[in-house]
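Structure record follows, encoded as C-alpha cells.
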C-alpha cells in the first residue's frame, strides 16, 4: 500500500540536533519529523508501531528563513517557575513550507499499516481518536492543511530529498529523545527536477532505529 500527501505549514522550526543557544533550523523537514507528524495524524503514540515504513519527500516551495528572539526554558533549578529557568535566545524560523510526502508500507509488519491508516483517516475521520493540534515539529508549528493528493494534480518544479554521500544536508530519520546515541542520520541533497510522479529510487528513506 502506498499513498501521497500534500502538506502545507505556514511557519515552523526544525531545530538542528546540535544547536544550542542559537536555535538553527534545518532548511527542510527531516524524515523523522515528518514521520512523527504522520503518527500524530492517525493518533498513534507508539513510534515503534510502524517501523519499516518508507518515506519520500519532495519540496514544492523554497521556505524563507527569518530570525526571532523568544523565551526558551532550560531547567537549571528544580522549581519549574524559577526565573533562572527562562532566558531569551534567538531562533530561526521557516515560512511557507509546502511539500509532498510519499509513503510505502510494504516493509511494515503492523496491520493495518500506516498507509492504510492514513487512507482511512481521510475517508472516515470520525473513526480516528487523537488529541491536540496537528503539528510539524514544535507544538506551536501547526499544519495548515494535509490532504490526499494525486501527483498529476500538481504543477511546477519539485525538489526531491535524495540520499547523497556527499550531500550538504545531514538529517535525522530516527531521533533518540533520551540522548543522542540512538539517533540515526542520513546525508541528503535537494535535486530539482521537472514534475516526476514516481519518486526517484534514492529518495526513499526507511524509518528504522537499527
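Here are some notes:
- Among the residues making up the range 131-169, those that are loosely packed, with under 13 Cβ neighbours inside 10 Å, farther than 20 Å from residue 35 by Cα and modelled with pLDDT of 90 or more are 165, 166, 168.
- Taken together, 24, 8 contain a single residue that is modelled with pLDDT of 95 or more, at negative phi and surrounded by fewer than 21 Cβ atoms within 10 Å (Cβ to Cβ), which is 8.
- Within the range 92-120, the only residue that satisfies the criterion of being within 13 Å of residue 43 (Cα to Cα) and surrounded by fewer than 19 Cβ atoms within 10 Å (Cβ to Cβ) is 120.
- Test: residue in the range 49-71 that is under 23 Å from residue 180 (Cβ atoms) and at pLDDT below 95: no
- Residue check for residue 127: surrounded by 15 or more Cβ atoms within 10 Å (Cβ to Cβ) and on the phi < 0 side of the Ramachandran plot: no
- Every condition in (1) out of contact with any helix residue (DSSP H, G or I) (no Cβ under 6 Å at 6 or more places or on another chain); (2) at pLDDT 90 or above holds for residue 90 except the one numbered (2).
- Among the residues of the range 43-53, those identified as surrounded by fewer than 21 Cβ atoms within 10 Å (Cβ to Cβ), touching a residue at least 60 places away in the same chain (Cβ under 8 Å) and on the phi < 0 side of the Ramachandran plot are 44, 48, 49, 51.
The values are calculated or read from the model by the stated rules, or taken from the named source; none is laboratory data. Please read all numbers here as calculations on a predicted model, not as lab measurements. Methodologically, a virtual Cβ is constructed for each residue, glycine included, from the backbone with ideal geometry; neighbour enumeration extends over all protein chains shown.
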